[in-house]
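Please see the structure below; I have some questions.
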Amino acid sequence: MDHFLYKNGALHAEDVPLADIAAEVGTPFYVYSSATLLRHFRLFDEALEGMDHLVCYAMKAASNQAILKTLAEAGAGMDVVSIGEYLRAKAAGVPGDKIVFSGVGKTVEEMCIAVEGGIRQFNVESEPEMELLSAVAQSLGKVVPITVRVNPDVDAKTHAKIATGKSENKFGIPISRAREVYAMAAALPGLEVIGIDVHIGSQLTELEPFELAYNKVAELTETLRADGHDIRRLDLGGGLGIPYERSNTAPPLPTEYGALIKKTLGHLGCEIEIEPGRLIAGNAGLLVSSVIFVKSGEGRDFLILDAAMNDLIRPAMYDAWHDIVPVIEPEAGVEQQPYDVVGPVCESGDTFAKQRNLPPLASGDLVAFRSAGAYGAVMSSEYNTRPLIPEVLVKDNQFAVIRQRPSFEDMINRDTIPSWL
Ligand code: LLP
């Protein structure tokens, strides 16, 4: 459930009409609902009730500091994958001991900043990373807590570009080599081995792949404990999918996911961490755009919007579906018609949807892309010298711009011309 509903014929974010935000901020823009963010975070938190746990929001999904602060105040930790994310989380007030550092390619600089600034744990993904991290920690006079990310060779049954748990993927160490890698980690003086990490992919719509992976993690926990490792924390990654297409069947709920965790891993007495991103932010955000033109093509009508692939890359990159709805509620019984919904960028890939049924729309009308809160703003670019679009956060009947649209002057002045020109 989210908090984007029609009230009196107009789509609202909580108690704010989207048209009011559009009038003040201009389109396109992203808008997030605080209540939805918090609701989704709490669903996970409650699903793990009874187990020692921390929900570490995967901030790659949507990393505006206002979003981070909203979740952190409710008790969330953060999963970061770069030192930029680490510093952003810190700036939003998240303490180091609630920040988990994931990722296959951490550099010396990144390690130094995180070790010095404080970290809950590093999720280490390779032997060379282990050696380097141990050396960095030692040079700073520290011993850092780590888990090793294992690759369980499980098919997540999701889009190939976001599957991470098969042996051909670059992530983690093969679970078959885990004992030897853990032995090596335990012998490194700068590291304290505290647990196991696993993440098999994103937008999973079934529980079965999680179950396969978590059973393997349970078995590995027993094996590593028998080898003498004090495995006390399990980081289970993120990945639970969201219903992008409302007319389709829905993925499992966080409660069902929590029950699976208890069933597969509850007996081990470990502290549980999870790293959900999409399920917390995805349906907590919309992309709102205006129709520039309706253009008649050969046998089809194009709805040309002021948002484009640089603002929301998911359809172009993953053939992703986003529900598109008019901001003014259509009259009951109004006949829908198919549109190709496109942006103004100069490539045919700049297509959000083909032959999408929508009520008749005209120049100036507002439309909203649902489920755009995760991997939306964070993946945007300035392609075609289009400014990054504003982000707005709503809470009840208030809204605030949480990222300004840059001026063209700001954008242009970021370039510098070499002396020889
Ligand atoms: N933990 C790790 C180590 C991850 O790599 C990811 C996502 C997550 C947690 C969060 O997964 P989530 O709960 O959000 O599924 N840009 C793509 C999604 C990329 C996901 C990358 N890793 C998209 O727009 O679909």
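The values are calculated or read from the model by the stated rules, or taken from the named source; none is laboratory data. In this text, all values refer to a predicted model and were calculated from it rather than measured experimentally. FYI the Cβ positions are ideal-geometry reconstructions off the backbone, even for glycines, and counts take in every protein chain you see. To get the accessible areas, we keep the full protein, side chains included, count just its heavy atoms, and leave off ligands, DNA and RNA. Shrake-Rupley method; radii C 1.70, N 1.55, O 1.52, S 1.80 Å.
Using only DSSP helix segments of four residues or longer, with each worth -39500 (n - 2.57), what per-residue ellipticity at 222 nm results for the chain after dividing by its residue count and rounding to 500?
Mean residue ellipticity at 222 nm (helix-derived): -8000 deg cm²/dmol.
Another question, then. Give me the compactness ratio for the chain, meaning the Cα radius of gyration over 2.2 N^0.38 Å.
Taking N as the residue count of the chain, the ratio is 1.05.
Determine the gain in length on full extension of the stretch M1-R405; use 0.36 nm per residue of separation and subtract their C-alpha separation, reporting nm with one decimal.
142.5 nm
Which peptide among 164-170, 340-346 comes first, and what is the full order, when sorted by highest mean count of other Cβ atoms within 10 Å?
Details: 164-170: 15.9, 340-346: 19.1.
Order by mean packing, descending: 340-346, 164-170.
Determine, for each peptide in 272-283, 372-383, the mean count of other beta carbons within 10 angstrom over its residues, then list the peptides with the highest first.
272-283, 372-383
Can you tally the net charge around D340? Count Lys and Arg as +1, Asp and Glu as -1, for every other residue whose Cβ sits under 10 Å from the Cβ of D340. Numbers along the way, then the final one.
Working: positive: K295, R300, K354, R356; negative: D301.
Surrounding charge for D340 is +3.
Something else now. Past 24 Å, Cα to Cα: identify those pairs from K7/K395; K7/K60; K90/K263; K69/K216; K69/K170; K216/K263, in the order given.
K7/K60; K90/K263; K69/K216; K69/K170
Rounded to the nearest 20 debye, what is the charge dipole size of the stretch 312-381 about its Cα centre when +1 sits on each Lys and Arg Cβ and -1 on each Asp and Glu Cβ?
I would put it at about 220 debye.
Oh, and also: Probe radius 1.4 Å, ligands and nucleic acids ignored: give me the carbon and sulfur share of the accessible area of the chain as a rounded percent. Could the numbers behind the result be given before it?
Numbers: 9120 of 17750 Å².
C and S fraction of accessible area: 51 percent.
Also: Can you tell which of L260, H229, A250 lies farthest toward the positive end of the dipole of the stretch 207-338, using +1 and -1 charges on the Cβ of basic and acidic side chains (Lys, Arg; Asp, Glu)?
Looking along the dipole axis, the top candidate is H229.
Taking the Cβ of K263 as the center, what net charge do the other residues with Cβ under 12 Å away carry, scoring Lys and Arg +1 and Asp and Glu -1? The partial results should precede the final answer.
On the way: positive: K262; negative: E211, E256.
It works out to a net charge of -1.
Which aspartates and glutamates, if any, have their Cα less than 14 Å from the Cα of K262, not counting same-chain residues under 8 positions apart?
Within the straight-line cut-off, K262 pairs with D45, E46, E49, D52, E211, D235, E271, E273.
For the chain, what is the relative contact order in percent, using Cα pairs closer than 8 Å and at least 6 residues apart in sequence? Kindly include the intermediate steps, with their values, before the conclusion.
Numbers: 937 pairs, mean separation 82.8, N = 421.
Worked out over the chain, it gives 20 percent.
Then there's this: So what J values fall out for the stretch 308-318 if you push phi through Karplus, 6.51 cos²θ - 1.76 cosθ + 1.60 with θ = phi - 60°, rounded to Hz, Gly and Pro as x?
Ordered by residue, 3J(HN,Hα) equals 9, 4, 6, 8, 9, 8, 4, x, 5, 8, 10 Hz.
Can you order the peptides 131-137, 329-335, 392-398, 305-311 by their average number of other Cβ atoms within 10 Å per residue, highest first?
305-311, 131-137, 392-398, 329-335
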